[in-house]
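The values are calculated or read from the model by the stated rules, or taken from the named source; none is laboratory data. All figures in this text were calculated on a predicted structure; none of them were measured in a lab. Heads up, the Cβs are rebuilt from the backbone with ideal geometry, glycines too, and the neighbour counts pull from every protein chain shown.
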Amino acid sequence: MNCPLCKAREVGRIGRERYYCRECCHEWTKGDGDGVVKIYEVLSDGSVERLESLSEPRSLTLPQRVTRRRAG
């Protein structure tokens, strides 16, 4: 599995249908059969903020460039 934003392979599963990218520090969920991917940014205080919802059949990229960053 690859990150839908930066296409990195360094992803981990953190819950049922919830994933985290170690390269760009974003989380995402796969929809329950509806084909929608919900993307969240992990903020410095550990909370998450929803960025975008994308349909899986489309290309999973955001209009702006995603900057890779390391957590910690």
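Descriptive notes on the structure:
- Residue within region 16-32 that is modelled with pLDDT under 70, exposed (fewer than 14 other Cβ atoms within 10 Å of the Cβ) and in a loop (DSSP other than H, G, I, E, B) present: yes
- Evaluated against (1) surrounded by 14 or more Cβ atoms within 10 Å (Cβ to Cβ); (2) modelled with pLDDT of 90 or more; (3) touching a strand residue (DSSP E or B) at 6+ places or on another chain (Cβ under 6 Å), Val37 falls short on exactly one condition, (2).
- Unique match (being at pLDDT below 65 and surrounded by 12 or more Cβ atoms within 10 Å (Cβ to Cβ)) among Val66, Val48: Val66
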